[in-house]
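Read through the structure below, which is laid out as C-alpha cells, and then see the notes.
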C-alpha cells in the first residue's frame, strides 16, 4: 500500500478573500499593483482548487512535481498575506500614510509587482500538470471499493464483546410497541479498525440468521443516489428485475414499490457498510436522501433493524441511530495474535520464543490497528527468520501502513476543516484541548472564513467548525470534573502530523533538526529557543508554541529573539515556565493571540501597541498606569 504524500494544506479557498483585501486597500502609490495582485489571485484560484484535490490522491507520475507546485503556491499565498497585513497595519497606524506609504514601508509597489510575477509563474507552471481537465465535482475517493457479507476472516480477535453487543441490539424486541421505522445500530471507528469484519461476523451469526426473515448487505461507499441504493438493496435480497432498470423518477418509484412489496410483513435486516455523508449536500439534504431510501422499510415487520458501519459519528446522527458501538484500537495482545495468525497460521506453541518477543514489540507499534497487524503479518508470512522480523520492527509502520488506511478520512474533509485539524499536530500527543481557546487560535490565524451574514459571529462559525470535526470522529472527549476536554487519539494525531508536515513542526527536546522553509507553525521547548535563529528565518512563523523543558527552566523570553518573530499571529506560553515578557513584545505588530502560563507582576508597558489583540479575563491582569487600549486575546490556562 503506497504511502500518501503530504501535500500542503489547501489555500485555494482563501484566494477570493485575499483578493478582496487587496482591492479594499487604498494606497495612492500602489493602487494599480494591488489591483494586479487581486487579479492574479483570482486567476489562479480554479487551477489551485483542482490541483489541491489531485494532491491528496496517492501515487501517480505527477506526484512529486504536483507537490512541489503546491508548496510554491502555499509560499506565495503566505507571502501575499504577510504583505497585505503589513500594508493594512501601516494604514491603521496612520491613515495619512496611505497616500505616501512608500516612505514608511520601502517600495510596496515593487514588492507587489514581484509577488504578482511570482503568482503568474506558478500559474504558468500549472499548465503542464493539467493536460486533461477533470470533470468538476469528481470526488477524491475511488468508486472501486466493494465489500460483501461473506466472511473473509474465520477467527475474530479482540472484538467478541462488540459483536455480542451489536447482536444483542439487533435481536432485541420492540418493547411491546412497534415503531413505524426500523431501528438503526451504528458501528463507528477509524479506518482499519475492522468495522466491516465485525459487521460480517454479526451478519453471519446463527442467531441473526434464525431471527430475520430477510437480510441484505449493501456497500454504500460513495453512492448517494436514491435509485442506485434502492437497486442495490433489491439485488441483495434477490428482488431485482430488468424492467426496473430504466432511468428517471418513475424508475425510483417502481424500485421502491418493489422493495416495499418484498419486505412487507417480514422481519428484515439491512446492513449498510461504509457510509459517508455527501459533502455536496447539507445535513438536511442528507437526511432527506436517506429517509427516501429507507422509506419502503416501514412496511417491514416489527423487529426489523438496520446496521451501519461508518468512520463518522455524523452518519449515526443523520440516520437517527438508537445505539452507537465505537470500535477503538485493539490491545497489544490481540494485535500480536492477529499478526501471528497472518504470519504463521496462529499456532502459538510452534512460534519460537525469539520471534514472540520481536512480534510483540512490532504489535506495540501498531497503535491498535487490526489492518496494520494483518498487513505486517502477511509481509512476514511463513518467515521464521529473526533477522527479517527485526527488519520489520525497524520499518516505519505508521507511514507505510497506518496512514494510508486513514487518509480517506482526511481527504473527505472540506478544505477549511483540513487545516484546522492538521494544525493540531503542533501540540503534544497528551494535549487536552479547550475548544474555545482552540477556536480563538484558528480565528487569529485566519482559518475561519468570515460569516456571510451579520447575524453570525466568527466565534460561532469557529465553534461549528469544531463540532464538524467532532462529529466526524477527529476529536475524542474526556471529562475532568465539570470540564469537558478534547483530544486526538494516537491514530488521529499521526494523521494530523502527516498532513501538516509542510506547514507545522513539533521539535522534541534534544533532537537536532532542520526546519523546512515551508513551516509556518512551530512548537519548541524553552531550551531550544536560543537555537532557533541559527536554523530558521523567524520572520516566516505564524505560530510559536513554547513548552517547558525537562532539563532547563527559564522564566524569561530572550528579548532580542522575541523581536525576530515579525509576522507572528499566535504566541502560546501556557505550557512553559516563561512568566515575564520583554518590552520587545510590542514589536510583534501582527500578534492576534497571546496565551500566558502566569503573570506574576504586570504586562510590559508597551503591550498596548498591539492593535490586533483583544483582552480576555481582564480582571486577572495588573497593568502599568498606561491603559492598554487595543489589545486583544490574552488567555490563561
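The values are calculated or read from the model by the stated rules, or taken from the named source; none is laboratory data. Since the model is a prediction, treat every value here as computed from it, not as a measurement. Please note: Cβ atoms are built from the backbone with ideal geometry, for glycine as well, and neighbour counts cover all protein chains shown.
Confirm whether residue 277 is within 21 Å of residue 411 (Cβ to Cβ), assigned by TED's automatic domain parsing to the domain that holds residue 263, buried (at least 18 other Cβ atoms within 10 Å of the Cβ) and in contact with a strand residue (DSSP E or B) (Cβ under 8 Å, 6 or more places away or on another chain). Here the answer is no, as residue 277 does not meet what is asked. Here residue 477 passes the criteria (1) part of a strand (DSSP E or B); (2) touching a residue at least 40 places away in the same chain (Cβ under 8 Å); (3) not assigned by TED's automatic domain parsing to the domain that holds residue 577 except the one numbered (2).
In the set (1) under 15 Å from the mean Cα position of the chain (by Cα); (2) surrounded by fewer than 22 Cβ atoms within 10 Å (Cβ to Cβ); (3) in contact (Cβ under 8 Å) with a residue 60 or more places away in the chain, the condition left unmet by residue 410 is number (2). Annotation note: of 265, 243, the sole residue that is at pLDDT below 90 and more than 30 Å from residue 159 (Cα to Cα) is 243. On the basis of being in contact (Cβ under 8 Å) with a residue 24 or more places away in the chain, under 25 Å from residue 411 (Cα atoms), surrounded by 17 or more Cβ atoms within 10 Å (Cβ to Cβ) and touching a helix residue (DSSP H, G or I) at 6+ places or on another chain (Cβ under 6 Å), does residue 433 make the cut? Answer is no for this residue. All conditions in (1) under 30 Å from residue 531 (Cβ atoms); (2) under 17 Å from the mean Cα position of the chain (by Cα) hold for residue 513, with the sole exception of (2). Inspection of segment 615-627 finds no residue satisfying the criterion of being surrounded by fewer than 18 Cβ atoms within 10 Å (Cβ to Cβ) and at pLDDT 65 or above. Given (1) surrounded by 12 or more Cβ atoms within 10 Å (Cβ to Cβ); (2) modelled with pLDDT under 90, identify the lone condition not met by residue 466. Failing condition for residue 466: (2). Scanning segment 195-214 for residues that are at pLDDT below 90 and outside the structural domain of residue 494 (by TED's automatic domain parsing) turns up nothing. Taken over segment 198-219, the criterion of being part of a loop (DSSP other than H, G, I, E, B) and crowded, with 22+ Cβ neighbours inside 10 Å is satisfied by 212 alone. Residue 360 meets each of the listed conditions (1) at pLDDT 90 or above; (2) part of a helix (DSSP H, G or I); (3) surrounded by 17 or more Cβ atoms within 10 Å (Cβ to Cβ); (4) not assigned by TED's automatic domain parsing to the domain that holds residue 486 apart from (3).
Name every residue in segment 363-399 that is under 17 Å from residue 156 (Cα atoms) and part of a loop (DSSP other than H, G, I, E, B), in order of residue number. Within segment 363-399, 368, 369 qualify.
From the list 272, 259, the lone residue that is part of a strand (DSSP E or B), assigned by TED's automatic domain parsing to the domain that holds residue 207, in contact with a helix residue (DSSP H, G or I) (Cβ under 9 Å, 6 or more places away or on another chain) and buried (at least 23 other Cβ atoms within 10 Å of the Cβ) is 272. Of all residues in segment 282-303, those that are crowded, with 19+ Cβ neighbours inside 10 Å and either assigned to a helix (DSSP H, G or I) or modelled with pLDDT of 95 or more (or both) total 6.
For residue 358, the requirement of being over 15 Å from residue 491 (Cβ atoms) and under 27 Å from the mean Cα position of the chain (by Cα) is not met.
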